[in-house]
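Rule-based calculations on the coordinates, nothing more; no lab input. These figures come from a predicted structure and were not determined experimentally. Virtual Cβ from ideal backbone geometry, glycine too; neighbours counted across all protein chains shown.
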């Protein structure tokens, strides 16, 4: 007997499969028709049996499902069998009479609020009566059903006269996310989860639903010379009221006091009892030198461009910050990370690894060995081709902080590079369970493709498509997201959509070496090996240095294989010359 039966329209399949994954991860047995049966005889044998034997009937509501004859039949049968009904909205829709008859009086939940869905299932499993309140709906206490306060820090507005202090506004957000997210009582979405709202401003409740939080922190910064003004506010979206707001005036020298004060006042407004260690976490600052801090924030802004020029600019700024404050451990760590990335993607000159090692050691001299120093050390060891040491270091990092997805991802990269896709998949799935990221979704798909698991590949591709499309709405200009979406369309069996995305990518003139290489791989999957070879050549010409990835390319045609071998020999010579020059 399955715990839950999922009724849905085929149009909503990606949403349905994503929900199934969440429910199964929570330990529930879920029955879902993945073939969308049409034959009446098969419907009667399989669907009816599944509904008869389920404990909870969940129906996904959308414009498509309201038009689906099968969904109407399934809901009617579940109602006749007196099953516990759980209505889940994919979109806000008005229910027609045949749906309203069964669902009137029941509380509803939106599909984005997976915690509420899982909690509702738990309540229904425990024997609560039909129509009982679904947990995680509006309530007056500050704690969520998962034992933590769910709060998002939204991008701060730059109100400076010249609008040239975005780096400062983003830095305030980063520090608040890092500080509040480190508190045991807080569940805080990452920076990448909230940056969409920098340019888009839906209603507060819509943001809260999208991020699965109750509280929103917003604010602004204004910097004119050394004078700054920071405003911040805390909103309870369920009660639809502002709990706290405040403004701070001073100079940039006061920025650390401002950050600490804001974090403490947010905790006070939510009536949180902080441990001594949490009080210390709020008070800790990466540096006490405001000039060094400003250079560091500007470096982060350049670092996030993910380009050769961006890395070079970031490294220069980090070094300036370090020269002002030689005990600025976070600047050393970010410099080490940028050097390692630069070596991997842009140049195989050994000086970049040496520079990464030196900066990492200086950070360790200040902080000792931490989870963060270990995963950066593991990455450096991997790049040095000391695989055994890298694996041991990354596992040690995980022991110190099992809630950081990065060491799992690096382990996945190590196993993928050695064609051990089974273990790589395990690590990427662990990373994905901690924090959904587009790159991790993509890596999972690559592993499933290499392991020749077509059914799982299609299912996971459809889940990834839903995520990529959502992220593209936040950042429509992202080449990387569009590239991954095109791959996912292909793996899901939708070649037409993959070609459509490919045509958009072909018109872009801002492809870097890494993206050129990935575009070549997409050409190959779509049966265009000539274009693949051309893009690999262009990638090398544009500074792509990941020779390991190029070596993993294969072609059935001898002509293409010979060209690939020539490219590899050419790149080996380039790398050798770079190291000699070094």
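Tabulated values for the structure
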{"read-out": "Beta bridges by DSSP in segment 149-275, antiparallel share as percent, to the nearest 5", "value": "75"}
{"read-out": "Simple spin-label estimate for residue 226 and residue 243 in nanometres, 7 Å along Cα-Cβ", "value": "3.7"}
{"read-out": "Geometric extent, Cα atoms of segment 4-125 - Rg, Dmax (angstrom)", "value": "13.1, 37"}
{"read-out": "Ellipsoid semi-axes in whole angstrom, largest first, where each is sqrt(5λ) of the Cα gyration tensor of segment 149-275", "value": "23, 17, 13"}
{"read-out": "Debye intensity ratio I(q)/I(0), log10, segment 430-582, q values 0.19 Å⁻¹ (C-alpha model)", "value": "-1.22"}
{"read-out": "Relative exposure of 364, 473, judged by other C-beta atoms within 10 Å (fewest first)", "value": "473, 364"}
{"read-out": "Residue order, fewest to most surrounding Cβ atoms within 10 angstrom, among 303, 560, 49, 403", "value": "403, 49, 560, 303"}
{"read-out": "Value at 222 nm in deg cm²/dmol, rounded to 500, when DSSP H runs of n ≥ 4 in the chain each add -39,500 (n - 2.57)", "value": "-18500 deg cm²/dmol"}
{"read-out": "Segment 532-582 and segment 402-466: distance between their alpha carbon centers, rounded to Å", "value": "25"}
